[in-house]
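K.L.:
Handing you this structure, nothing more for now.
The values are calculated or read from the model by the stated rules, or taken from the named source; none is laboratory data. Note that the coordinates shown come from a computational prediction; the quantities given were computed from them, not determined experimentally. All Cβ positions, glycine included, derive from the backbone under ideal geometry; neighbour counts span all protein chains shown.
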Amino acid sequence: MRVEQTEILIIGAGPAGSVAAGLLRKQGRQVLVIEKELFPRFSIGESLLPQSMEYIEQAGFLRDVIEAGFQYKNGAAFVREKKATAFDFRDKFSPGWGTTFQVQRAHFDQVLALAAEKAGAVVRYQHQVTAVDISADRPCVHVRSLDGETYQISARFLLDASGFGRVLPRLLDLEMPSAFPLRGAYFTHVEDRIPLGTFDRNKILVNVHPQHVDVWFWTIPFSNGRCSQGVVARSEYLEQYEGTETERLQAIIAETPTLAGLLKDAVWDTPARKLTGYAANVKSLWGNGFALLGNAGEFLDPVFSSGVTIAVKSASLAAMAIEREFNDETVDWQADYADPLRAGVDTFRAFVESWYSGGFQDVIFHPGQTPEIRRMIAAILAGYAWDKTNPYVADPRRLKTLEQLCAV
């Protein structure tokens, strides 16, 4: 069997893989990316956070993203029955980007992958990793192409950016259950036909079900008059509805008057899809000659659109560690990669748990919000979950105190 050699092998050409490729090419590394699908391909998770722009810029992809013509985004709006609030990410506690984009992921991911190729990375589409051996000094990966050819790739370092495919966690028995309840989502893209002036298309809209605090909807407007529309709830809640995924999604929206009214003229021209059991965790984010990026390592929940931000943050941290390792410096992958990455993930986790219990909703809908605390919350909602100067990042337990004050 043919055996190829490369410095860095990346599994997956999504945001984590492409940004990692761009960063590593800036170091002069030889980068080969193996991607199972043919791009463009559908993917969910369209609302970016401003923090992600820093890593897109680091990779050298900023112009590619800006010139792609995606919908500008400057914040997030929340509605629960007659209560409404909005956060402008430009008015936030942490320094850095305050705006970003809402993207059709098929196009966005292709833009990043093409930028990685322009930077000198080799991307092979419709090639699938079937096995991996990490017992030797260099990881060795078995690959099968679309036409059935099999070959091996020996790499100095291996990055798994396979997203929900979770290639290395499956092959190396690294998967472990998530602490989150089993939730699912119905989602689709629609021609929304929302009248001008009735909806701020520069913000993601999050609606809460009027009777169920843990059932929520996203509405993510695109620049072409369409939007991504979905609902998230416990699996048993979703399963009580009958019909197709589209009919079930429409039935749940009908129970939420504010959202139903907004979408009353929408054209449902794309069959809805279903995703369940998406929350995931692993025993370790790294091992002998490899590291897990983004969703391949851990995925929490879509409520705060943190997935792409965590993905590109992990790419940045991994690229910095690889640079040091290739310069013969000592790298502790737990202390230099896994722990810093999980610090931000844990911040998001605290806010996700608080959202589903209703506590964080009490905070953001409270009529007596102070500007300083709003700016701290806006920073986390904008993705700055690693900024330890923010008291709610330095100690996420402060959120519990804030919940109690707002409940009173």
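K.L.:
Could you tell me whether the stretch 234-246 includes any residue that is of a type in the set (S, T, N, Q) and not in a loop (DSSP other than H, G, I, E, B)? Please lay out each step first, then the result.
P.N.:
Here is the first cut: in the stretch 234-246, the residues of a type in the set (S, T, N, Q) are 235, 240, 244, 246.
Filter once more, so that each one left must be not in a loop (DSSP other than H, G, I, E, B): 235, 246.
Scanning the stretch 234-246 turns up at least one residue that is of a type in the set (S, T, N, Q) and not in a loop (DSSP other than H, G, I, E, B).
K.L.:
Looking only at the stretch 156-173, decide whether some residue is in the same structural domain as T270 (by TED's automatic domain parsing), on the phi < 0 side of the Ramachandran plot, in a helix (DSSP H, G or I) and of a type outside the set (F, W, Y). Steps first, please.
P.N.:
From the stretch 156-173, those in the same structural domain as T270 (by TED's automatic domain parsing) are none; that's our starting set.
The answer is no, given that none of the residues of the stretch 156-173 is in the same structural domain as T270 (by TED's automatic domain parsing), on the phi < 0 side of the Ramachandran plot, in a helix (DSSP H, G or I) and of a type outside the set (F, W, Y).
K.L.:
Follow-up. Can you run down the residue pairs with Cβ atoms below 6 Å, 6 or more apart or on separate chains, where the first is in the stretch 270-288 and under 21 Å from C227 (Cβ atoms) and the partner is among the hydroxyl-bearing types (S, T, Y)?
P.N.:
Short answer, once both residue conditions are applied: T270/T188; P271/T246; A272/Y186; A272/T188; A272/T246; K274/Y186.
K.L.:
Then there is this: Take I322 and tell me if it is in contact with a strand residue (DSSP E or B) (Cβ under 7 Å, 6 or more places away or on another chain), surrounded by 21 or more Cβ atoms within 10 Å (Cβ to Cβ), closer than 30 Å to R29 by Cα and of a type in the set (V, I, T).
P.N.:
Working: in contact with a strand residue (DSSP E or B) (Cβ under 7 Å, 6 or more places away or on another chain): yes; surrounded by 21 or more Cβ atoms within 10 Å (Cβ to Cβ): yes; closer than 30 Å to R29 by Cα: yes; of a type in the set (V, I, T): yes.
Taking the combined requirement at face value, the residue satisfies it.
K.L.:
Which residue out of R105, R166 is in contact with a strand residue (DSSP E or B) (Cβ under 8 Å, 6 or more places away or on another chain) and basic (K, R)?
P.N.:
Numbers: R105 fails: in contact with a strand residue (DSSP E or B) (Cβ under 8 Å, 6 or more places away or on another chain).
Criteria check complete, one pass: R166.
K.L.:
On the given criteria, is V129 farther than 28 Å from Y384 by Cβ, surrounded by 21 or more Cβ atoms within 10 Å (Cβ to Cβ) and β-branched (V, I, T)?
P.N.:
yes
K.L.:
Got a sec? Which of A84, A131 is closer than 23 Å to P50 by Cβ, small (G, A, S) and in contact with a strand residue (DSSP E or B) (Cβ under 9 Å, 6 or more places away or on another chain)? Steps first, answer last, please.
P.N.:
On the way: A131 fails: closer than 23 Å to P50 by Cβ.
Unique residue meeting the criteria: A84.
K.L.:
Moving on to the next point. Among the listed residues F365, F290, F360, F304, identify the single one that is under 27 Å from S18 (Cβ atoms) and out of contact with any Pro (no Cβ under 9 Å at 6 or more places or on another chain). Spell out the reasoning first.
P.N.:
Values: F365 fails: under 27 Å from S18 (Cβ atoms); F290 fails: out of contact with any Pro (no Cβ under 9 Å at 6 or more places or on another chain); F360 fails: under 27 Å from S18 (Cβ atoms).
Going through F365, F290, F360, F304 in turn, the sole match is F304.
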